[in-house]
Amino acid sequence: MKNIIKHEMARIKRVAQGLILLAGLTVSPVLMAQQNAATLEHIQISSVLNVGYRQLPPFSFTDQNGKVTGYTIAVCNLIADKLRQYLKLNNLTIHYIPVNFAERFSALKTRKIDMDCGVNTNAPERTSSVSFSVNYYIAKMRIISLRKNNIHSLADLKGRTVSLTGSSKDLLEFNKANREQHLNISTITTTTINGAFNKMAQNESAALFIDDILAWPLINQSELPDTFSVSAETIGADMHYAIMMRKNDPQFVAFIDSSLKTIFASPINVQLRKKWLAPYACKHTGNQPATPCQHHP
């Protein structure tokens, strides 16, 4: 009888120890951070850097020759070269992976991409799920519309319908302004900026809300650029652009930040900003006054 009791007590002890170990594995934030903080190690083993991007000229886009380019892409290429040297790799292959506004968060979480070099706004409400680098650009959201509709301010859109990209900071800022000013403006959301622009251009929406620097390439590439107007009025908070990365990977974030600070202090960054951003710094269309849309972080 004593042997049976002794055997049963030993079994219960083993089960309890197993449960404690399992609990530690499932809830330990330290272990979770260790599991996530493997980006540098993964890149070193694979010699591959997966970079997310979207069609958002002048920051990231595929040109007519199929090459992924733009200001942020150029900066991320410089980071990749520093990464190759830091990890002592002979070669580092960069895979550019297109991800839309909604996909970018899950793409980071599932390791489809290592960092997102499309336009990402560094917003407090996002920092619980992703990490951001230091800022590389500050934009302002404005109202883009057909000139014939005579829209100059948010108040002009009361009770009407506008278009924006879904899962964007622009949508959050617009909803806040719409709610606070009791304007009862309806929204059409799309997965791309081009889709939202086309809704406005085809008069399916009265206006498009978009960051100023992203608006000019869309207008310039349209068939009739002079038919559009850009508001002098800005909506919501400033948009701080940054590279987006996985949460709980402080070593990778620190490396990206250190690389960016070095790049920003170098003459090559002046050249890149002049090439990619200066053409859209203070543009205007028709009778719209020029607006100071170029801002440094």
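What follows draws every value from the coordinates through simple rules; no lab data is involved. In this text, all values refer to a predicted model and were calculated from it rather than measured experimentally. As a convention, Cβ positions derive from the backbone with ideal geometry for all residues, glycine included, and neighbour counts pool all protein chains shown.
In the stretch 59-90, whose amide N lies under 17 Å from the spot 7 Å out along Cα-to-Cβ of SER47? List them in ranges. What the label zone holds, given the 17 Å backbone N cut-off, is 80-90. Peptides 180-192, 74-86, 207-219 ordered by packing proxy, namely the average of other Cβ atoms within 10 Å per residue, highest first: 207-219, 74-86, 180-192. The gain in end-to-end length when the ALA155 to ALA177 segment is fully stretched comes to 6.9 nm, 0.36 nm per residue minus the alpha carbon separation. Extension gain for ASN65-THR110 works out to 13.2 nm (0.36 nm per residue, less the C-alpha to C-alpha distance). Cβ under 13 Å from LYS176's Cβ, LYS176 left aside: what net charge do those residues give with Lys, Arg +1 and Asp, Glu -1? Summing Lys/Arg as +1 and Asp/Glu as -1 gives -2.
For the stretch 201-211, 3J(HN,Hα) computed residue by residue from phi via the Karplus equation (6.51, -1.76, 1.60; θ = phi - 60°) reads 4, 8, 6, 7, 10, 6, 6, 10, 9, 7, 5 Hz, glycine and proline entered as x. 3J(HN,Hα) along the stretch 175-180: 4, 5, 5, 4, 5, 5 Hz, from the Karplus curve 6.51 cos²θ - 1.76 cosθ + 1.60 with θ = phi - 60°, whole Hz, x for Gly and Pro. What the phi angles of the stretch 217-223 give under the Karplus curve with 6.51, -1.76 and 1.60, with θ = phi - 60°, is a coupling list of x, 5, 5, 4, 7, 6, 5 Hz, glycine and proline written as x. What FRET efficiency comes out for ASP257 versus SER167 if R0 is 30 angstrom and r is the Cβ-Cβ distance? Round to the nearest 0.05. Calculated value: 0.75.
Highest mean packing first, where packing is the average number of other Cβ atoms within 10 Å per residue, the peptides 233-239, 88-94 line up as 233-239, 88-94.
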